[in-house]
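Shown next, in structure tokens, is the structure this report addresses.
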Amino acid sequence: MMTTNYLVIGSGIAGLTFSIKIAEKFPDRTVTIVTKADEEESNTKYAQGGVAVVLDTETDSFKKHIKDTLIAGDGLCDEEVVKMVIEEGPKRLKELLLWGANFDVDGSGDFDLGKEGGHSEYRVVHHKDITGFEIERALLKRVHQLPNICILPHHFAIDLITNHHIKDLKTEKLSCFGAYILDQKTGNIITIKANSTLLATGGIGCVYGHTTNPIIATGDGVAMAYRAKARIKDMEFVQFHPTALYEAKGESSFLISEAVRGFGAYLRNKAGHRFMPDFDERAELASRDIVSQSIDSELKKSGETYVYLDCTHLDIKAFINHFPNIYKECLKHHIDIKTDWIPVVPASHYLCGGIKVNKKGKTTVANLFACGECSRTGLHGANRLASNSLLEALVYAHNIFKYHSKNAYPSLDLEIPDWNDEGTVIPQEHVLIQHNLKQLQALMRDYVGIVRSNKRLKKAIRHLDLIYDEVEDLYKESKITTSLCELRNMINVSHLIIRQSLERTENKGGYFNIDNVKN
Ligand code: FAD
Ligand code: SIN
């Protein structure tokens, strides 16, 4: 048993930013960060394009960024949230700079601003094409300077501790009291009792086999919150990034940043036709839902498995300077962007929905907060505008910090039972976990992809129920392992995506169901 004032689950931009702020303000309070892989492993680490912030007020304005965000969100954004996040952006970016993050500047010392799909202006601050890596580096450095933060890598959060775990609880209000954590190196399960718990567990990309996300993105936070009966919303809005590098084996895929299209690259089909102008007047710089759906339609028409991104007409020296990592990664795949087109295909990238929170980051469960990609704030509506995610995490981490600065946290005078694994055995059948995972990913890819139909969604639910039954049986009789828990979480998340898809009767943003198309 461990006790801490703040339990933070996840060490990406959301979890680290909140931890730094609260630890700096209250040196006498303890912050414990648990994270399931190496401390830097996160979606944050792989962010390429950058952070969308209005800095150049001669050409840009909050009004324009707000308008672009609302257009991308296709009528489903919470306008108050959009305004708040965008107007807070410059202040939050300043803090990142103070913590030592470096962003590229141009010849006159101003930030070198990039442009991505759906943005009407150049406003994306970046560090080459490895912005997330730089942010993660700076945040972790600051975390390690603060003695009241304890960071526990290779510690996996299994489940939140809520009312139903505790006998004779005085309050009936659904509340969170910490979490059960698996020490992945020893196999021990630790009870961490916390006055306040923050879910900052990131995305769900791995639910689809083909994703830009790293393998940690298994939707654990959303699934834990769902099991704890927190409200989960907008799960049907899974964002597919238009340009993941095509690899014949499928699975996790390297991203070719949208900023490359902002730099002037064209999308072409195999016949060489530049097809985006046929779909949208913004061509390659339409918002990502439109570009992904256009590619999907182009592929269905031609029967091909990928389209191309053509950079051959660009200033190659400037390209290599701006995108050195993309250039190198393409070379590793024997693609020389000077002469070769890059084969690309849409891949699951980002969850616009998630754990519903208010402007203070509070979930519908008391003492439980959510921040970053696992949360649903209302900023993104039906489709996230590029580079608004890092921004959202910074702003909400600050809001949650502000809330905790003003409000005393509840006392924790209660007995929490240890994890009970009586009668369970070490699972011998790892093949069952792998097999079910592959089935789940195939099901999500084939029936719950960019274009959906009620028939396919209903079929997906039926197949998912079979996988669910098999995995629940395995879970009840097995000692906890990370891969089993992750699979169980991905099943919960898939269930939410499919159910909430079936509830949506109007196509919006990233959600497209052929049965919703009016004749
Ligand atoms: P993450 O950074 O994913 O961190 C989640 C953390 O939680 C990880 O440390 C993980 O290990 C941990 N965790 C998860 N489950 C558990 C558990 N059960 N127990 C313990 N720990 C757990 N957005 C932009 O705004 N601009 C960009 O340029 C951009 N580029 C991107 C490029 C790529 C390739 C990808 C994948 C995403 C990109 N995004 C971008 C999206 C953005 O990076 C993410 O949405 C954002 O970084 C999420 O931050 P986070 O802190 O919420 O989660
Ligand atoms: C990219 O660089 O294309 C990703 C940007 C994002 O997801 O916001």
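The values are calculated or read from the model by the stated rules, or taken from the named source; none is laboratory data. Small disclaimer: the values here were computed from a predicted structure and weren't measured. Every residue, glycine among them, receives a Cβ derived from its backbone with ideal geometry; neighbour counts consider all protein chains shown. Each accessible area value is taken on the protein alone, full model and side chains, heavy atoms only, with ligands, DNA and RNA left out. Shrake-Rupley method; radii C 1.70, N 1.55, O 1.52, S 1.80 Å.
Values as computed for the structure displayed
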{"quantity": "Residue list for the range 56-108, restricted to those being of a type in the set (D, E, K, R) and more than 22 Å from Asn358 (Cα to Cα)", "calculated": "Asp56, Glu58, Asp60, Lys63, Lys64, Asp68, Lys94, Glu95, Asp104, Asp106"}
{"quantity": "Subset of the range 143-155 that is over 16 Å from Ala200 (Cβ atoms) and within 16 Å of ligand 1 (Cβ to nearest atom) - its residue that is farthest from the chain's Cα centre (by Cα)", "calculated": "His144"}
{"quantity": "Residue check for Val344: β-branched (Val, Ile, Thr), part of a strand (DSSP E or B) and within 16 Å of ligand 1 (Cβ to nearest atom)", "calculated": "yes"}
{"quantity": "Which listed residue is closer than 27 Å to Asn321 by Cα, open to solvent by less than 40 Å² (accessible area, probe 1.4 Å) and either in a strand (DSSP E or B) or among the β-branched types (Val, Ile, Thr) (or both), from Ile135, Ile86", "calculated": "Ile135"}
{"quantity": "Single match in Ala223, Ala200, Ala194, Ala228 (criterion: buried (at least 24 other Cβ atoms within 10 Å of the Cβ), in contact with a Lys or Arg (Cβ under 9 Å, 6 or more places away or on another chain) and of a type in the set (Gly, Ala, Ser))", "calculated": "Ala223"}
{"quantity": "Any hit, the range 142-151, residues being modelled with pLDDT of 95 or more, of a type in the set (D, E, K, R) and crowded, with 18+ Cβ neighbours inside 10 Å", "calculated": "yes"}
{"quantity": "Enumeration of residues in the range 343-382 that are crowded, with 24+ Cβ neighbours inside 10 Å, over 12 Å from the mean Cα position of the chain (by Cα) and among the polar types (S, T, N, Q)", "calculated": "Thr363, Thr377"}
{"quantity": "Answer from Gly203, Gly250, Gly221 - the residue that is part of a loop (DSSP other than H, G, I, E, B), small (Gly, Ala, Ser) and modelled with pLDDT of 95 or more", "calculated": "Gly203"}
{"quantity": "Unique residue being more than 30 Å from Leu199 (Cβ to Cβ) and in contact (Cβ under 8 Å) with a residue 40 or more places away in the chain when the list is Phe319, Phe369", "calculated": "Phe319"}
{"quantity": "Where a residue in the range 119-131 is under 23 Å from Asn383 (Cα atoms) and its partner, wherever it lies, is β-branched (Val, Ile, Thr) and part of a loop (DSSP other than H, G, I, E, B), with Cβ under 7 Å and at least six apart", "calculated": "Glu121/Thr59; Arg123/Val53; Arg123/Val54; Val125/Val53"}
{"quantity": "All helices (runs of 4 or more DSSP H) inside the range 408-505 with 1 or more residues being crowded, with 17+ Cβ neighbours inside 10 Å and among the acidic types (Asp, Glu)", "calculated": "482-503"}
{"quantity": "Evaluation of Thr59 against (1) of a type outside the set (A, V, I, L, M, F, W, C); (2) over 29 Å from Arg123 (Cβ atoms); (3) more than 23 Å from the chain's Cα centre (by Cα) (one fails), failing number", "calculated": "(2)"}
{"quantity": "Residue tally, condition within 11 Å of ligand 1 (Cβ to nearest atom), of a type outside the set (S, T, N, Q) and under 19 Å from Cys371 (Cα atoms), over the range 156-207", "calculated": "13"}
{"quantity": "Filter pass, His210 being at pLDDT below 95 and away from ligand 1 (no atom under 11 Å from the Cβ)", "calculated": "yes"}
{"quantity": "Counted residues, the range 156-186 - those being modelled with pLDDT under 95 and either within 16 Å of ligand 2 (Cβ to nearest atom) or in a loop (DSSP other than H, G, I, E, B) (or both)", "calculated": "8"}
{"quantity": "Residue tally, condition polar (S, T, N, Q) and at pLDDT below 95, over the range 100-141", "calculated": "1"}
{"quantity": "Qualifying residue in the range 321-331 (condition: under 16 Å from Gly117 (Cα atoms) and assigned to a loop (DSSP other than H, G, I, E, B))", "calculated": "no"}
{"quantity": "Tally of residues being within 21 Å of Phe103 (Cα to Cα), more than 16 Å from ligand 2 (Cβ to nearest atom) and open to solvent by less than 10 Å² (accessible area, probe 1.4 Å) across the range 55-83", "calculated": "1"}
